[in-house]
Amino acid sequence: LAKTTQPISMDSYEGQEVNITCSHNNIATNDYITWYQQFPSQGPRFIIQGYKTKVTNEVASLFIPADRKSSTLSLPRVSLSDTAVYYCLVQAGTALIFGKGTTLSVSS
Amino acid sequence: KAGVTQTPRYLIKTRGQQVTLSCSPISGHRSVSWYQQTPGQGLQFLFEYFSETQRNKGNFPGRFSGRQFSNSRSEMNVSTLELGDSALYLCASSLVGETAYEQYFGPGTRLTVT
């Protein structure tokens, strides 16, 4: 059964780059890895999704090594508004598995 | 384009009762997934419906069930409520519902079981 592991919390300062890694085993070769952001009292919001190597969009980058046993979400130049919980999501068979979430705190 | 809506937003029920939660996906989205979120267990996948058929299912007891209508709206039902069912129930919709799970979440229904 697939399992995901993320750091519980991370601290950063405004303007820094933040990298959050999610470890995941037993995911199928064709399954995507997705990252979500969640603010208090809101549903998760899609950030980025990848299958292999590197994906970049306007808000983040996602790095996936060849063995696909982990993925790293990279947030460039974080701001106070990036303070939130970040989740990785992988598919395991017919189920979707969320990580426990990483609480990112950004300070000025 | 309107986002995912969930009703009701808050609900208080008594142990042993049953409850039905409703979710209206983004227009054009055919896949609807349900999740339970609790402080202890985090986000847990319940099930996914696509074109009125349950396609994927998480590891929850049979008391948790759902359905999807022809307009893609979905309902989730929990029978014989237990105290441990108190949680935020989130609904998410996606355009295609394949392995590329770019899902859009609603605000959730906060269920409290007393």
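The values are calculated or read from the model by the stated rules, or taken from the named source; none is laboratory data. Since the model is a prediction, treat every value here as computed from it, not as a measurement. Positions of Cβ are generated from backbone atoms using ideal geometry, with glycine treated the same way; all protein chains shown enter the neighbour counts. Just the protein is used for accessible areas: all its heavy atoms, side chains included, with ligands, DNA and RNA removed. Shrake-Rupley method; radii C 1.70, N 1.55, O 1.52, S 1.80 Å.
For the stretch B:8-28, the tally of residues that are within 13 Å of chain A (Cβ to nearest Cβ) and of a type outside the set (Val, Ile, Thr) stands at 4. Scanning the stretch A:16-60 for residues that are farther than 17 Å from A:VAL85 by Cα, small (Gly, Ala, Ser) and either at pLDDT 90 or above or surrounded by 17 or more Cβ atoms within 10 Å (Cβ to Cβ) (or both) yields a single hit, A:GLY50.
With respect to the conditions (1) within 14 Å of another protein chain (Cβ to nearest Cβ); (2) open to solvent by less than 50 Å² (accessible area, probe 1.4 Å); (3) not hydrophobic (A, V, I, L, M, F, W, C), A:SER12 falls short on a single one, namely (1). Restricting B:PHE50, B:PHE45 to residues that are within 14 Å of another protein chain (Cβ to nearest Cβ), at pLDDT below 95 and within 19 Å of A:GLN42 (Cα to Cα) narrows the list to B:PHE45. Considered as a group, the residues in the stretch B:7-39 that are open to solvent by less than 60 Å² (accessible area, probe 1.4 Å) and within 28 Å of A:ILE8 (Cβ to Cβ) include one that is farthest from the chain's Cα centre (by Cα), and that residue is B:THR38.
Taking the criterion of being open to solvent by less than 60 Å² (accessible area, probe 1.4 Å), hydroxyl-bearing (Ser, Thr, Tyr) and more than 14 Å from every other protein chain (Cβ to nearest Cβ), the residues of the stretch B:59-102 that qualify are B:SER65, B:SER72, B:SER74, B:SER79, B:SER86. So which residues in the stretch A:93-108 are more than 14 Å from chain B (Cβ to nearest Cβ) and not in a strand (DSSP E or B)? Residue satisfying the conditions is A:SER108 alone.
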